Amino acid sequence: MEKQTYHILVVDNEEVIRHSIKRALTREGYTVSEARNGRQALSVMAEQTFALVISDKNMPHMDGMALLEHVKKEYPMTEFIIITGHGSIEDAVDAMRKGAYDFITKPFKKEELLQLTQKALERYALTLENNRLKQELRAIQSDRYNFIGRSEAVRHIKSLITRIAPTPSNVLITGGSGTGKEVIARLIHNHSDRVDKGFTAINCGAISENLIESELFGHVRGSFTGAIRDKEGIFTVAGNGTLFLDEISTIPVNLQVKLLRVLEEHEVLPVGATKPLPVRARIIAATNRDLKEEIAAGRFREDLYFRLNVIEIDVPPLSERAEDIPLLVAYFIEKMNRDLNKNVQGATPEVLHTLQSYQWPGNVRELENVIERAMIFCDDTTLTVDHLPHFFADQNKEPVGLKDAVRFFERKHILSVLRITGGDKKEAARLLKVGVSSLYRKMSELGIEELPA
Ligand SMILES: Nc1ncnc2c1ncn2[C@@H]1O[C@H](COP(=O)(O)OP(=O)(O)OP(=O)(O)O)[C@@H](O)[C@H]1O
Ligand SMILES: [Mg+2]
């Protein structure tokens with residue numbers, strides 16, 4: 001915020017002091033008004049908004065303490081600095097308890113006051129920004145969608161949801177892990193006329209290959225050893241509701257043919273059955289792999305791909321829509337205030353900046369975890385960088401020298417991969433495409449001792 005946009009009100013009955021404070025502040029670039037006492041201050045404040053009041057304590061016609069009480073009641077956002085006489089520490093304590101930002105004791109140096117002013121205004125700006133975020137969040141939540149964000153990408157996705165929810169068309173949702181694919185699938189369902197017919201989800205990647213066929217399509221008793229009774233497949237279980245096929249790319253190629261037929265014919269033939277059953281569910285599929293790559297590698301059938309993606313929603317990674325982060329943070333803070341019974345009001349600009357410059361390999365899910373963790377460590381009302389995992393603390397201090405920059409990047413990258421694998425070094429080495437022993441060597445070279453919390 002520009003300095004001149006901060007309006008400061010200086011209140012003192014002694015003209016000399018009032019003028020000298022005003023001069024010092026004006027020279028700094030602030031916009032300053034003055035008042036001779038508390039009563040006059042309140043009438044000036046009724047005319048315009050002030051970011052900060054700097055008031056002497058002792059004045060005729062309403063003193064500084066009474067003014068402070070009025071201001072905190074009527075303009076709770078406005079910060080207040082009180083000037084007390086030498087040696088009156090009780091007054092200072094009393095003022096702080098009544099909500100003053102700080103106090104300053106006569107006689108004081110100009111620099112001292114300027115520094116205090118700057119800090120008080122920083123807090124004012126923070127309150128302002130957090131209030132703004134809360135308002136924006138409220139506006140978003142009241143428009144029915146809990147897919148939080150303000151980026152162009154998110155707005156586009158929301159308009160797609162509105163458009164396609166009432167249709168029976170198949171939808172394919174693509175995007176990295178933790179980007180919100182399931183949230184979108186549920187929203188589509190919630191805004192469709194199938195909302196009371198149930199949302200059935202199946203994670204194709206979590207079912208062993210020899211079970212997946214009967215999980216999907218069902219089987220009849222005796223159709224194979226172990227099939228001791230009839231089993232309904234997920235397509236029939238889903239009825240007239242929505243069927244969410246998660247991690248669709250993991251379905252074995254031979255079953256993809258059968259799946260394609262189900263989508264084309266709107267009927268399913270359970271294993272061992274002779275009569276097909278009707279399929280009425282609306283199909284939404286999701287994957288965090290690049291299906292075009294899977295097709296090129298022969299692991300996914302192109303015809304099935306075209307069947308599924310009548311409408312495709314591609315969710316970009318969080319790092320490509322960093323402008324969504326402040327809102328998501330505000331959203332998770334509100335959510336976790338309820339869950340963890342806390343009273344956190346917001347995060348400092350430094351926190352938001354740090355979070356916005358991070359890569360987020362785990363996307364929104366990872367952000368949610370970081371905020372939850374920060375809130376557990378926060379006993380105050382504001383999240384600061386100290387509450388973030390210490391991994392974030394020196395994240396921004398990017399070195400300039402090439403060697404140091406490479407080291408810095410390597411360290412950051414390895415740490416983030418280790419975060420994804422939950423500290424599993426073997427898995428991390430696989431993702432990094434290096435041997436486990438070279439990963440260990442790198443880690444010790446780069447001073448990575450253990451997984452950051
Ligand atoms: N835009 C968003 N607004 C609010 N919460 C979100 C948003 N995107 C994701 N989340 C939250 O992040 C977490 C992960 O989302 P979700 O499970 O939908 O991701 P996903 O894309 O299905 O991930 P995966 O590929 O790992 O299954 C959830 O807790 C979800 O509520
Ligand atoms: Mg998912």
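Checking each residue in segment 204-224 for being of a type in the set (A, V, I, L, M, F, W, C), touching a residue at least 12 places away in the same chain (Cβ under 8 Å) and more than 16 Å from ligand 1 (Cβ to nearest atom) picks out Ile212, Leu216, Phe217, Val220, Phe224.
Does at least one position in segment 287-307 carry a residue that is at pLDDT 95 or above, among the aliphatic types (A, V, I, L, M), within 16 Å of ligand 2 (Cβ to nearest atom) and closer than 21 Å to Ala185 by Cβ? Checking segment 287-307: not a single residue is at pLDDT 95 or above, among the aliphatic types (A, V, I, L, M), within 16 Å of ligand 2 (Cβ to nearest atom) and closer than 21 Å to Ala185 by Cβ. When segment 153-169 is filtered for residues that are in contact (Cβ under 8 Å) with a residue 24 or more places away in the chain and either of a type in the set (A, V, I, L, M, F, W, C) or more than 25 Å from Arg307 (Cβ to Cβ) (or both), the ones remaining, listed by number, are Ala153, Val154, Ile157, Leu160, Ile161, Ile164, Ala165.
The residues of segment 165-188 that are among the hydroxyl-bearing types (Ser, Thr, Tyr), near ligand 1 (Cβ under 8 Å from one of its atoms) and either buried (at least 23 other Cβ atoms within 10 Å of the Cβ) or over 16 Å from the mean Cα position of the chain (by Cα) (or both) amount to a single one, Thr179. The listed residues are Thr242, Thr200, and the only one of them that is closer than 22 Å to Tyr305 by Cα and surrounded by fewer than 22 Cβ atoms within 10 Å (Cβ to Cβ) turns out to be Thr200. If you go through segment 246-269 and keep only what is touching a Ser or Thr at 6+ places or on another chain (Cβ under 9 Å) and either within 20 Å of Ser208 (Cβ to Cβ) or among the aromatic types (Phe, Trp, Tyr) (or both), you end up with Asp246, Glu247, Ile248, Ser249, Thr250.
Each row is one residue, and each column tells you yes or no for (1) at pLDDT 95 or above; (2) among the polar types (S, T, N, Q).
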{"position": "Glu215", "(1), (2)": "no, no"}
{"position": "Phe224", "(1), (2)": "no, no"}
{"position": "Ala227", "(1), (2)": "no, no"}
{"position": "Thr242", "(1), (2)": "yes, yes"}
{"position": "Asn254", "(1), (2)": "no, yes"}
{"position": "Leu260", "(1), (2)": "yes, no"}
{"position": "Val271", "(1), (2)": "no, no"}
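In contact with a Pro (Cβ under 7 Å, 6 or more places away or on another chain) and at pLDDT below 95: does that describe Leu137? Against the criterion (in contact with a Pro (Cβ under 7 Å, 6 or more places away or on another chain) and at pLDDT below 95), Leu137 does not qualify. The residues of segment 261-270 that are more than 37 Å from the chain's Cα centre (by Cα) and within 15 Å of Leu308 (Cα to Cα), listed by number, are Arg261, Val262, Glu264, Glu265, His266. Among the residues here, Ile82 qualifies as under 28 Å from Asn131 (Cα atoms), in contact with a strand residue (DSSP E or B) (Cβ under 8 Å, 6 or more places away or on another chain) and not charged (D, E, K, R). The residues of segment 348-374 that are farther than 21 Å from Lys412 by Cβ and away from ligand 1 (no atom under 15 Å from the Cβ), listed by number, are Thr348, Pro349.
Listed by first and then second residue, the pairs with beta-carbon distance under 8 Å, at least 6 apart or on different chains, first residue in segment 186-203 and assigned by TED's automatic domain parsing to the domain that holds Glu215 and in a helix (DSSP H, G or I), second modelled with pLDDT under 90 and within 16 Å of ligand 2 (Cβ to nearest atom), are Leu187/Asn146.
In the set Glu47, Glu15, Glu2, only one residue is at pLDDT below 95 and more than 40 Å from the chain's Cα centre (by Cα); that residue is Glu15.
Are any residues in segment 251-298 of a type in the set (Lys, Arg) and within 16 Å of ligand 1 (Cβ to nearest atom), and if so, which ones? Arg289, the sole residue that qualifies.
Against the conditions (1) under 25 Å from Ile157 (Cα atoms); (2) assigned to a loop (DSSP other than H, G, I, E, B); (3) more than 16 Å from ligand 2 (Cβ to nearest atom), Leu263 satisfies every one except (2).
Within the set Asp386, Asp379, the sole residue that is more than 16 Å from Asn130 (Cα to Cα), among the charged types (D, E, K, R), away from ligand 1 (no atom under 15 Å from the Cβ) and not in a loop (DSSP other than H, G, I, E, B) turns out to be Asp386.
The values are calculated or read from the model by the stated rules, or taken from the named source; none is laboratory data. As the structure is a prediction and not an experimental result, all values here were calculated from the model. Counting neighbours? That spans all protein chains shown, and the Cβs are built from the backbone with ideal geometry, glycine included.
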